[in-house]
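The values are calculated or read from the model by the stated rules, or taken from the named source; none is laboratory data. Computed from a predicted structure; not experimentally measured. Glycine also receives a Cβ, built like all others from the backbone with ideal geometry; neighbour counts cover every protein chain displayed. Accessible surface areas use protein heavy atoms only, side chains included; no ligands, DNA or RNA. Shrake-Rupley method; radii C 1.70, N 1.55, O 1.52, S 1.80 Å.
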Amino acid sequence: MRSPGALTRTVAARIRESAAPSRRPPLLRELLLLTVLYLAYKFGRRAANGQFADAYANADRIWDLERAMRLPNEAAVQDLLLHSESLVRAINIYYATVHFPAILLFLGWMFWRHPGHYTWIRWVLVWLTGAGLVLHLLFPLAPPRLFGRTEMMDTSAVFGPAVYGKPEANSMANQFAAMPSLHVGWAVVIAVGLIVAGRGRLRWLWVLHPLVTVVAVVATGHHYWMDGLVACALLAVILLLLRPPRALPHTREGTRRTAGARPSAVPVPVPEGAGGEADAPPARATASRTTER
């Protein structure tokens with residue numbers, strides 16, 4: 001029987017192999033794979049629905065833990081945004097409309113422009129979402145907007161656009177799956193993927209997406225700070241196992257670089273003449289030497 005250490009090393013090795021650089025995978029296969037995984041996630045969340053008593057008990061634990069850690073009160077963030085109705089509506093729209101379209105556009109961009117990184121980031125997303133589903137099943141959690149101790153409102157329901165209706169046990173939307181926040185987790189994945197695969201200093205501006213997402217999920221009353229922190233902790237562990245590819249496969253960018261590179265000048269040996277003096281070198285060799293100097 002394998003020891004726990006050997007088993008861990010084997011699993012880590014196989015995970016790294018799955019993240020090895022590769023050419024662009026077949027589009028139809030990727031669409032089917034992502035569709036199946038998403039449906040499995042949605043139905044998995046539904047299976048975890050209805051655990052209302054556990055969700056409120058866990059909300060008590062999270063709230064007390066955050067206060068013991070002296071984290072800022074989520075209600076204070078919401079109160080700041082309530083000074084401007086336009087800002088609240090903008091944050092609500094960001095929460096309701098950016099999350100899912102952003103991850104689809106991101107995966108499409110990585111698939112088309114960075115195929116060597118696409119396979120890596122796809123596995124990162126799959127493992128993070130799978131870990132999130134496990135926590136949804138094991139740790140149901142009532143969000144701040146449904147937990148009386150926070151004294152927070154559902155800004156989406158009050159100012160629009162509304163995202164959720166009344167919590168129901170047989171609903172496809174499990175409103176008690178707040179831990180971890182995949183809004184935050186997916187936003188960080190997008191930033192990490194675009195920063196790692198991109199070039200130039202401006203790519204660091206992608207950090208703004210997860211920062212705005214954190215403000216959005218907290219201010220709207222949909223998540224606690226701990227929901228985002230746990231998502232980031234899970235992602236950090238996954239990134240330790242799933243390293244970005246070291247060498248990219250053959251891409252358009254690589255083709256342009258190779259085509260634009262000039263072959264280095266190779267010195268041409270000069271044969272010695274019968275009289276002991278060097279004969280005049282060919283014109284091409286002379287030009288090469290002049291260029292080298």
In whole percent, how big is the carbon plus sulfur part of the accessible area of the stretch 46-96, probe 1.4 Å, protein atoms only? 57
Where trypsin sites (Lys or Arg not before Pro) fall in DSSP loop in the stretch 34-91, at most 14 other Cβ within 10 Å: Arg70
Accessible area (Å², per residue) of the stretch 105-161, counting only protein heavy atoms and a probe of 1.4 Å: 40
Pick out, in residue order, every one of the GluC sites (Glu not before Pro) in the stretch 66-153 that is DSSP loop and has at most 13 other C-beta atoms within 10 Å; say none if there are none. Glu151
At most 15 other Cβ atoms within 10 Å and a DSSP loop assignment: could you name the trypsin sites (Lys or Arg not before Pro) in the stretch 196-225 that fit? Arg199
